[in-house]
Structures are given as C-alpha cells and as structure tokens.
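Note sheet for the following structure.
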Amino acid sequence: MKKKVIPIILKNERLYTTIKEVIEFSKYYKNFEFKISKKDELNNKDKLILITDDVLAMNDISYVSEFDLAIIINSIGKKLNTDKLNKQFILLNTPLSIRDLFERVAGSLEQIESQTARKLNFSKFVYDPGMRSLSNEDFFIRFTEKESQIFMCLMDNSNRHISKKNLLKKVWSYNEDIDTHTLETHIYSLRKKIEKNLLLKDLIIFEDKKGYFLNKKIL
C-alpha cells in the first residue's frame, strides 16, 4: 500500500529545525510519512491533514481551513483565534511530543479512511465523503463543508424534490438566523463551481413550488 504523505508547513524557524531533524530519523510511520513542504507544492488532493504552526495559522487562516484537519503547533505562546477556521483542528503545545504528533495523525487517518469507505459510485463520477470530493479520471472538485452537506441532502432526497425550507432545516439545523437567501447564495456558488470544474450543467435543478432536485443521471 502506498504511504500517504502528510505535509508539514512551518513559519517558525526554530520549530522548523526541530521537526526537520526528527522526521529525518523517523520518516515512516505505519501508513504515512511526513514531508516538509511549501504551500505552492500542494494540490487539492493533498489537502487532508496539515501540520503547521500558529504563525501560519494566524496569518493565513483561509489556507489552513482548506484542509480537513489542521494540527497546529503553538510555537510562540500567543492565544490562537480558532473561530475562523471552521474545520476540525488540533492544538499542540511546545515542547512537542513527537510520539503524540504521530499518534494524532495515525488516529485521524484511520477516521478519514473509515469515512472514505462510504464512497458513492455513479456511472461517471465518484463522490468521496471523507475528502468531500466529486471526481473521475479527468475532473476533480472539492466541496466545502456546507457544500458537502447540501450535496448529501440532495442525494438523500434524490428521488424527489426537497423544499428550500426542509433543506435549510437539514443543513443549518433550524438556525433561525439563516434565511432562504443564504441557501440560494450557497447553491448558486455550488452550481458555478460544478459547472466550471466538472463541466456539468443542470446538476442541481430548481422548480417553483417543488424545490431542489439532484439530477443524478448526468453523474
């Protein structure tokens, strides 16, 4: 089995030196390996788990949030504002236990692989809920968390239409502050994203008085 590569992107020079020395002597662990990386070296398929420091997390939150899981090492001791991450994250303090780091990654990979086992196979595309990706040999798209929730709700109701009201309830859990405009904005962006990246038109269809419908036949 090919080992998964877990990227490590660090801004703190002292932490970088320490981590680099450690992984050179313990490069492989079970089913993954660590790799010191740069931001521009990674593509969407690499963005499962990121190991980084609080310097990068504080200065580039949008990038860190692209990963399913961010393991953030507290290198400078400042309180990190995690409100904007909107994803799962793990905070580790220094001095760092490398064993703890290895075990956190191993456990997270097992969880992701368990989710991946639930892949949905269509005639042309495969949806991977673990990666939140819809792809085939030629095209690849990665959904945000909310986009994935909308897609799965439409999938669960694929044999019938689902109203805006019911879709709002399922995705936003009865949040009274969320209105139909929020839903319409998300679905508009999702449609454009699918059309641009997968060249699929009319995957999500809306009909007055009926609601939204997922056109599975084109998948």
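Residues that are touching a helix residue (DSSP H, G or I) at 6+ places or on another chain (Cβ under 9 Å) and not hydrophobic (A, V, I, L, M, F, W, C) were ranked within the stretch 194-219; the one that is farthest from residue 136 (Cα to Cα) is 211. Being under 21 Å from the mean Cα position of the chain (by Cα), at pLDDT 80 or above, farther than 25 Å from residue 128 by Cβ and not assigned by TED's automatic domain parsing to the domain that holds residue 144 is the requirement here; does residue 40 meet it? When the stated conditions are applied, residue 40 does not pass them. Scanning the stretch 156-166 for residues that are out of contact with any helix residue (DSSP H, G or I) (no Cβ under 6 Å at 6 or more places or on another chain) and surrounded by 15 or more Cβ atoms within 10 Å (Cβ to Cβ) gives 157, 161, 162.
Which of the following residues is under 30 Å from residue 33 (Cβ atoms) and either in the same structural domain as residue 93 (by TED's automatic domain parsing) or at pLDDT below 90 (or both): 163, 158, 133? Let's see the steps before the verdict.
Numbers: 163 fails: under 30 Å from residue 33 (Cβ atoms); 158 fails: under 30 Å from residue 33 (Cβ atoms).
Selected residue: 133, the only one of 163, 158, 133 that is under 30 Å from residue 33 (Cβ atoms) and either in the same structural domain as residue 93 (by TED's automatic domain parsing) or at pLDDT below 90 (or both).
Here residue 196 passes the criteria (1) in a helix (DSSP H, G or I); (2) surrounded by 11 or more Cβ atoms within 10 Å (Cβ to Cβ) except the one numbered (2). Across the stretch 103-137, which residue is nearest to residue 199 (Cα to Cα) among those that are of a type in the set (Asp, Glu) and in contact (Cβ under 8 Å) with a residue 12 or more places away in the chain? Checked the stretch 103-137; the qualifying residue nearest to residue 199 (Cα to Cα) is 128.
Among the residues of the stretch 74-93, the one identified as over 19 Å from residue 6 (Cα atoms) and either aromatic (Phe, Trp, Tyr) or at pLDDT 80 or above (or both) is 93. Picking from residues in the stretch 57-73 that are modelled with pLDDT under 85 and more than 21 Å from residue 145 (Cβ to Cβ), the one that is surrounded by the most Cβ atoms within 10 Å (Cβ to Cβ) is 58.
The values are calculated or read from the model by the stated rules, or taken from the named source; none is laboratory data. Only a predicted model underlies this, so the values are computations on that prediction, with no experimental measurement involved. Methodologically, a virtual Cβ is constructed for each residue, glycine included, from the backbone with ideal geometry; neighbour enumeration extends over all protein chains shown.
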